[in-house]
Amino acid sequence: MEHAAPTTALPVLLVIGVTILASFYCGKSTKFIKLPSVIGYMILGVILGPSFINLLHEPLQEQLSFITEIALGFVAISIGLELKLTSLKKLGRGIIYVIFAESFGAFVFVFTAVLIFTRDLPFALIFGAIAPATAPAGTVAVIQEYKAKGSLTKALYAIVGFDDGLAIIIFGFAAAIARSIMAQQAGAASQNFLLMIFHPIKEIVLSALLGAVIAVIFAVLARRLKNAGDVLILVVGFTFAVNGLCTLFHLSLILTNMVVGIILVNTQPHSLVQKIHDRLPLLMPLLFILFFTLAGANLHISALPSLGILGVIYVVMRSAGKIIASSLAARFGNVEEKIRKYVGLGLLSQAGVAIGLSLIVKHEFQGLGKTLESGITSGDELGSIVITTVTATCIFFEIIGPILAKIALQKAGEIPPSSKRGEVKKI
C-alpha cells in the first residue's frame, strides 16, 4: 500500500545521513549472499520509499533528483575514461558489431512480439524503440565494486557507453513513424518525417559538440595543476556545470560527459588521466549508495501487478534480443570467446533513459490518434500503458541486471579472488 507524504518533514540532511549509513551497511550485508552491494542499496530504498515506511517520500525524491543526475554524470565520464581507442582496437571491430546488434536485436525482438500480441503497429514501434536503452550505472557499479579487469570489462564499458546514443536515435525514428501512423488513423495531416527525426539527431550532435568543447577547456586548465586533489575539484566542478548545461539546453548528460572522458583519455598525457583515475574512485562509492537507494525508493511495488502479459513479453524478448544478438554479432566479428559467451548478460539493466523515453511518449502522444470508446485517444492510451509497463519492468531489470553482470564477469574470470570473497583492499 502506498503511503501519503508525512505531514511533519524531517530535516533533509538527517534523512540523507541516515540513508547513507543504513544503505552502506545494507550493501555490506549482501556480501554474505554473494550479491552486488547495489542490490542492498535498492532493497533499502524500496523499504524507505513510498512502498513501505515512506521516509524517502515522493516530494523528497523530487527534491533530491539532482543527486541522480550528478551520479549519472560521473558514471558517464568514468565510462568515457575507459574508452581508449588503442584498447578498443585490440578488442576488434567485432565490438562495433555487438553495439549495433544488441540495440537493434532488442528492438526487433520486442517489436515483433508486441506486434503479434497487440496487432497495433504504433504500440509495437514504441515498445521496440524503448527496449535498446541500457542503464550504465548498474553495470559500472558492479565492475568498480569487484575491481573487474579484462577484455569483457572493456567491452562492457564500450557497449553501455555507446548504446544509449544509438537507443535515442532508434527511438527518434520509431516515434516519428508511430506519430505519423496515428495522425493518419485520426484523419489529421501527418507531420513531416524529417522534421520529427531532426530532434533526436540534433540532441546527439549537440551533446557531442558540448562534450568536446568542455574537454578542451578542462584540459587547458588541468594541465597547469600538479596536485591530484586539485584535478579532482576541477572534475567535480566541470561535471556539475555540464549537467546544468545539459538540463538548460535539453541535451543528453550521459553522452556529453562520456564524450568529455573519451576526448581526455585519447588526447591528454597519461599523467593527467591517471590523476583523475586515482581520485575519481573515492567519490563513486558514495554516489552509488545515493543513486541506487533513490532508485529503489522510486520503484513502487504496487506497480508490479500491472506488469501483465505485455510486461512479461517485454522482459523476455528484450532479454533474448540483447543476449542472442550480441552473441551472434560477437561470433560474426570473431570476438574473443568469453565476450561472445557472456557480454549479453551484462547489458540487461534498464532504468533512467527508458523511463525518460516513456515520459516523452506520454507527453508527445497526448491527444493523438483516434478517439476510443472510453473517450480518450489511442495516443493517451499508448502513453499510459507504456509508462506503467516500463516502470514495472525496470524494477525487474534493475534487480536482475547487476546480478547477471556479476555472474558474467565471474564466468569470464575478470573478478579478482579477493573481490569474490568480499575483501576490501586498503587505500
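The values are calculated or read from the model by the stated rules, or taken from the named source; none is laboratory data. Since the model is a prediction, treat every value here as computed from it, not as a measurement. As a convention, Cβ positions derive from the backbone with ideal geometry for all residues, glycine included, and neighbour counts pool all protein chains shown.
Table for the structure above
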{"item": "Residue among S349, S358, S374 that is hydroxyl-bearing (S, T, Y), in a loop (DSSP other than H, G, I, E, B) and modelled with pLDDT of 75 or more", "result": "S349"}
{"item": "Residue under evaluation D230, criteria (1) surrounded by 16 or more Cβ atoms within 10 Å (Cβ to Cβ); (2) without any contact (Cβ under 8 Å) to a residue 12 or more places away in the chain, criterion not met", "result": "(1)"}
{"item": "Helices (runs of 4 or more DSSP H) enclosed by region 212-312 - at least 3 residues per element that are within 30 Å of A22 (Cα to Cα) and not aliphatic (A, V, I, L, M)", "result": "228-249, 270-298"}
{"item": "Candidate set from region 22-78 (those that are under 19 Å from the mean Cα position of the chain (by Cα) and aromatic (F, W, Y)); member that is surrounded by the fewest Cβ atoms within 10 Å (Cβ to Cβ)", "result": "F66"}
{"item": "Filtered residue count, region 242-262, keeping only those that are within 8 Å of G80 (Cα to Cα) and not polar (S, T, N, Q)", "result": "5"}
{"item": "Region 48-64 - residue that is touching a residue at least 60 places away in the same chain (Cβ under 8 Å) and assigned to a helix (DSSP H, G or I) and, of those, nearest to F396 (Cα to Cα)", "result": "L48"}
{"item": "Number of the exception - L194 against (1) modelled with pLDDT of 85 or more; (2) in a helix (DSSP H, G or I)", "result": "(1)"}
{"item": "Leading residue by the ranking (farthest from V236 (Cα to Cα)) among those in region 67-111 that are among the small types (G, A, S) and touching a Gly at 6+ places or on another chain (Cβ under 8 Å)", "result": "G105"}
{"item": "Checking I96 against (1) more than 20 Å from G401 (Cβ to Cβ); (2) β-branched (V, I, T); (3) surrounded by 17 or more Cβ atoms within 10 Å (Cβ to Cβ), the condition it does not meet", "result": "(3)"}
{"item": "All positions within region 237-256 that are surrounded by fewer than 16 Cβ atoms within 10 Å (Cβ to Cβ) and in contact (Cβ under 8 Å) with a residue 40 or more places away in the chain", "result": "F240, T247, F249, H250"}
{"item": "Every residue from region 151-165 that is closer than 17 Å to R93 by Cα and either at pLDDT 85 or above or not aromatic (F, W, Y) (or both)", "result": "S151, L152, T153, K154, A155, L156, Y157, A158, I159, V160, G161, D163"}
{"item": "In region 334-358, the residues that are closer than 17 Å to K89 by Cα and aliphatic (A, V, I, L, M)", "result": "V335, I339"}
{"item": "Qualifying position, being out of contact with any His (no Cβ under 8 Å at 6 or more places or on another chain) and modelled with pLDDT under 75, among V424, V335, V343", "result": "V424"}
{"item": "Unique residue being more than 16 Å from P402 (Cα to Cα) and in contact with a Ser or Thr (Cβ under 7 Å, 6 or more places away or on another chain) when the list is I143, I130", "result": "I130"}
{"item": "Identity of the residue in region 132-168, among the aromatic types (F, W, Y) and assigned to a helix (DSSP H, G or I), that ends up nearest to P416 (Cα to Cα)", "result": "Y157"}
